[in-house]
Amino acid sequence: MDKIQLFQNEVLGYGFDIDGSYGWQCWDGYAKYCIWLGVSFANCTDSGWVKDLWEQRYNNGILDYFDEVEKLEGSEVCIFTENEWTPVSHVAIFVSDIDGNQGWFLGQNQGGEAGPNGGGAFNLMAFPYSALYPTAFRPKGEPLPKEELKEIVTEVMESHEVPFFPEEATFTVGDSPINVRRYPDLTGEIVATYQPGEKVHYDSKGTNAGYRWISYVGASGNRNYMAIGPTDEAGNRTDLWGMLE
């Protein structure tokens, strides 16, 4: 039995919330697949939508674990553009061809059973190939042992009082100073202030109290938090107070 069928048999009809935010979203389905493969997952670092997985592919680490391919054979991670089928982009795993114009895709939040906190369980959905970005990502290489990967994923997540998940990146403060706080809330104690142009390297991010937060461990050994922009009711970032790289 091939790789994608094994994964499908394990997850079809079930939902997974990998980052602890907003239920069974399509990104969580992709992240679950990465964990199942034994590789690290990439994050949405620019717009906050999964189109970043493709548009930021040369910077987000996805090509460390996947080959970029044009021909779909089964098991590829596919990113969908903003279109009538997937208005805010989408990510799913290619299973098989239907008629040369559309194929079966396995993913979350694409019409499956609704999750208790949002999104939808893994299901199969037919999508036209015209909705895809021109290349997809096929798993490659030797995976990390699953227990080692699990430790990497959970170590950061368990160090927060609210849901955060791993992301290694750098944020450059924009036109106005931003306070650093001990807790991810505007009521949290201010422990430092970053000025315009200063850079912050962080190891995780999350959403809390109406803002997107990044987090890192400071020189004191304590975990610090910085708000980098507001979010809407669904937890999607609506503005960015600087630049991510």
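The values are calculated or read from the model by the stated rules, or taken from the named source; none is laboratory data. Predicted, not measured: the structure shown is a model, and the values here were computed from it. Heads up, the Cβs are rebuilt from the backbone with ideal geometry, glycines too, and the neighbour counts pull from every protein chain shown.
Checked against the criterion of being surrounded by fewer than 21 Cβ atoms within 10 Å (Cβ to Cβ), hydroxyl-bearing (Ser, Thr, Tyr) and at pLDDT 90 or above, the range 142-156 has no qualifying residue. Answer yes if at least one residue in the range 5-17 is in the same structural domain as residue 102 (by TED's automatic domain parsing), in a helix (DSSP H, G or I), in contact (Cβ under 8 Å) with a residue 60 or more places away in the chain and over 22 Å from residue 113 (Cβ atoms), and no otherwise. The answer is no, given that none of the residues of the range 5-17 is in the same structural domain as residue 102 (by TED's automatic domain parsing), in a helix (DSSP H, G or I), in contact (Cβ under 8 Å) with a residue 60 or more places away in the chain and over 22 Å from residue 113 (Cβ atoms). Among the numbered conditions (1) at pLDDT below 90; (2) more than 19 Å from residue 238 (Cβ to Cβ), the only one that residue 209 does not meet is (2). If the condition is being under 15 Å from the mean Cα position of the chain (by Cα) and closer than 11 Å to residue 93 by Cα, then the range 4-26 contributes only 26. Take residue 38 and decide whether it is farther than 22 Å from residue 244 by Cβ, surrounded by fewer than 21 Cβ atoms within 10 Å (Cβ to Cβ) and either assigned by TED's automatic domain parsing to the domain that holds residue 94 or modelled with pLDDT of 85 or more (or both). Taking the combined requirement at face value, the residue satisfies it. Scanning the range 93-100 turns up at least one residue that is free of Cβ contacts under 8 Å to residues at least 12 places away in the same chain, part of a loop (DSSP other than H, G, I, E, B) and either among the acidic types (Asp, Glu) or under 30 Å from residue 241 (Cβ atoms) (or both). Residues of the range 99-120 that are among the hydrophobic types (A, V, I, L, M, F, W, C) and at pLDDT 95 or above: 104, 105, 106. Are any of the residues in the range 28-42 in a loop (DSSP other than H, G, I, E, B), within 14 Å of the chain's Cα centre (by Cα) and of a type in the set (D, E, K, R)? Checked the range 28-42: no residue is in a loop (DSSP other than H, G, I, E, B), within 14 Å of the chain's Cα centre (by Cα) and of a type in the set (D, E, K, R).
Does any residue of the range 45-63 turn out to be within 18 Å of residue 10 (Cβ to Cβ) and either modelled with pLDDT of 95 or more or surrounded by fewer than 22 Cβ atoms within 10 Å (Cβ to Cβ) (or both)? Within the range 45-63 (the criterion being within 18 Å of residue 10 (Cβ to Cβ) and either modelled with pLDDT of 95 or more or surrounded by fewer than 22 Cβ atoms within 10 Å (Cβ to Cβ) (or both)), the answer is no, since none of the residues qualifies.
Among the conditions (1) modelled with pLDDT of 90 or more; (2) in contact with a strand residue (DSSP E or B) (Cβ under 6 Å, 6 or more places away or on another chain), the only one that residue 183 does not satisfy is (2). Checking each residue of the range 108-116 against the condition of being on the phi > 0 side of the Ramachandran plot and either in a strand (DSSP E or B) or surrounded by fewer than 13 Cβ atoms within 10 Å (Cβ to Cβ) (or both) gives at least one match.
Restricted to the range 45-72, and to residues there that are of a type in the set (A, V, I, L, M, F, W, C) and part of a helix (DSSP H, G or I), the residue that is farthest from the chain's Cα centre (by Cα) is 63.
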